[in-house]
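Q: One structure is given below, represented as structure tokens, and several questions about it will come after.
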Amino acid sequence: MSIAHIMASCMGGIRTAGDLVAWMQMTRKMKIGEAKAYVADKLGVDAFNLTNEEIMRELRKDLGIGTVTSIAGGPKGITAKYKIAELLDIKIRSVDLFKTQLGL
Amino acid sequence: MNKQVLTRMGDGERLWLSEKKVRSDIEAGTEDAAQRGSIPVLDSEEQQQLFDIIAEPSRVVSVNPGEEVISTDDGCTMAFYSGQDGGGVGTPMSRLQAVLTYERACGADTTSMGHSDYSYKPVKSVINYEAGDYYNISQATTVPFWYGAQPNMGLYFQPDGPCPNASELMPLGKIAEARESQEKAARMLTEDMVFVGRKLAGVGLEGLNFDTSGSAGDADFLAALNAVEELKGSEPDLPILMGGSGEFILGMHGEVTYKGKRLAGLYPQDQVKAVEDAGADIFGLAINTSTRESLPWNLSRAVTFLKAAGKASTIPIHANVGMGVCGVPMMEQPPIDSVTRVSKALVQIGKADGL
């Protein structure tokens, strides 16, 4: 059932920019329109293209913020989140812990 | 001849309704919500939009490109490996495998984990195991990773917990004792929720979900509000999603207040204001599905409540769309035709920020 909702109405997570928009709702209490506009501005794309796989696939690869298909050696997980926190200028708590552990 | 529309009842039964009946159920559903919640009905254009979504002949429908929203969940990854009780399909997977599958194969915007009992009280005694798993998985996930559970204040009453059972005291006329017991249970619940939240915060928790708050009534909702406030005091950067459990808060106590506002009987447009005041970042809206009414009636009602709550709110609202909530039929295996119609209508007409 959750997959039906994802397909019908949701942004697609790391297939597109869904995770990035979600971070803005979580960390800045932004409603959907504001969150999309913020992320689109940071990425330098039109908000309409945030769910366009053709655009977001290459952009995510270039920015090193994780891609849905597994690229050997490509950033994923905490390293991708590290870059996402910098890109969006937000605090991600797991990243902060990671940085502390590295002495950064 | 009046054209027929293939739709469902609130219990999932498939049936054909005339277009006239679909329209009259939409009208009756929005009027019911408006009357109960003292909120506006859907206007004629919105009712037409809803009719078009429901009467669309395709099996599956979706939002228009560019109108997509964010998905959060209440332990959907557990459905990969759990059994029937949790709506699970029983695949032998680990938590880590389930979470990464949900992120990478299903394209979820966020993902989550939770204890199989999905209540804060049992988590307390196994918090170090939960924190260890949370930390390990958070190193591998890219999308936001929540920890979720329900307040579930019922677990604090005898025979499951230490407090005298309020539901047994009330029929005996011991109202003051029942209220006192609920207040005690609420304090214990808040303490446990804060304990779990702080422990997980110590391992880099990215977001905490207080799911189905108020299921044991107004004191349960109060306990969750107090936990949000206390956690935000010590962990101001911890994102918290607080969800309701129904369209109005049950007055099992009847007199508890939060910041001067009585909680019993609050409808979603007021629930969200209390959640905002406590400091939560996202509100999860829940509207009951009536099994005796049709999907057009239930969905129209849910959209009406959602729209009013969205107008009142300054924080994002995610509509809860599990079994028997917000128009989704109340059954173990909700049909995909109904699920996608609910999904589209809540986003495009109700203006949900997420599901």
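Q: Sort out which residues of segment B:320-340 are at the interface with chain A (Cβ under 10 Å from one of its Cβ atoms) and either in contact with a strand residue (DSSP E or B) (Cβ under 8 Å, 6 or more places away or on another chain) or open to solvent by less than 10 Å² (accessible area, probe 1.4 Å) (or both), and write them in order of number.
A: B:328, B:335, B:337, B:338, B:339, B:340
Q: When only residues in segment A:1-44 that are among the hydroxyl-bearing types (Ser, Thr, Tyr) and facing chain B (nearest Cβ under 9 Å) count, which is farthest from residue B:80 (Cα to Cα)?
A: A:27
Q: Next up: Could you check segment B:279-303 and list, in sequence order, the residues that are β-branched (Val, Ile, Thr), open to solvent by less than 10 Å² (accessible area, probe 1.4 Å) and either more than 30 Å from residue B:17 (Cα to Cα) or touching a Gly at 6+ places or on another chain (Cβ under 7 Å) (or both)?
A: B:282, B:303
Q: Quick test for you: out of A:64, A:103, pick the one residue that is more than 8 Å from chain B (Cβ to nearest Cβ) and open to solvent by 40 Å² or more (accessible area, probe 1.4 Å).
A: The conditions single out A:103.
Q: Would it be correct to say that residue B:149 is outside any helix (DSSP H, G or I), more than 11 Å from chain A (Cβ to nearest Cβ) and hydrophobic (A, V, I, L, M, F, W, C)?
A: Yes.
Q: Between B:25, B:52, B:32, B:85, which is of a type outside the set (A, V, I, L, M) and closer than 30 Å to residue B:117 by Cβ?
A: B:85
Yes or no, residue by residue, for (1) open to solvent by less than 10 Å² (accessible area, probe 1.4 Å); (2) within 22 Å of residue B:306 (Cβ to Cβ); (3) within 14 Å of chain A (Cβ to nearest Cβ):
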| residue | (1), (2), (3) |
| --- | --- |
| B:259 | no, no, no |
| B:265 | no, yes, no |
| B:272 | yes, yes, yes |
| B:277 | no, yes, yes |
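Q: Quick one: count up the residues across segment A:67-82 that are among the aliphatic types (A, V, I, L, M), modelled with pLDDT of 95 or more and open to solvent by 60 Å² or more (accessible area, probe 1.4 Å).
A: Total satisfying the criteria: 0.
Q: Looking at segment A:76-104 only, could you name the residues that are assigned to a loop (DSSP other than H, G, I, E, B) and not aliphatic (A, V, I, L, M)?
A: Residues satisfying the conditions are A:76, A:89, A:91, A:103.
Q: Still on this structure, I have one more. Does residue B:197 count as surrounded by fewer than 17 Cβ atoms within 10 Å (Cβ to Cβ), of a type in the set (Gly, Ala, Ser) and in contact (Cβ under 8 Å) with a residue 40 or more places away in the chain?
A: Answer is no for this residue.
Q: Which count do you get for residues in segment B:98-114 that are open to solvent by 10 Å² or more (accessible area, probe 1.4 Å) and either within 7 Å of chain A (Cβ to nearest Cβ) or not aliphatic (A, V, I, L, M) (or both)?
A: 3
Q: Condition first: within 30 Å of residue B:140 (Cβ to Cβ) and assigned to a helix (DSSP H, G or I). Can you find one or more residues in segment B:209-220 that meet it?
A: no
The values are calculated or read from the model by the stated rules, or taken from the named source; none is laboratory data. As the structure is a computational prediction, the values presented were derived from the model and not from experiment. Neighbour counts run over all protein chains shown; Cβ positions are idealised from the backbone, glycine included. Surface areas here come from the heavy atoms of the whole protein model, side chains and all, with no ligands, DNA or RNA. Shrake-Rupley method; radii C 1.70, N 1.55, O 1.52, S 1.80 Å.
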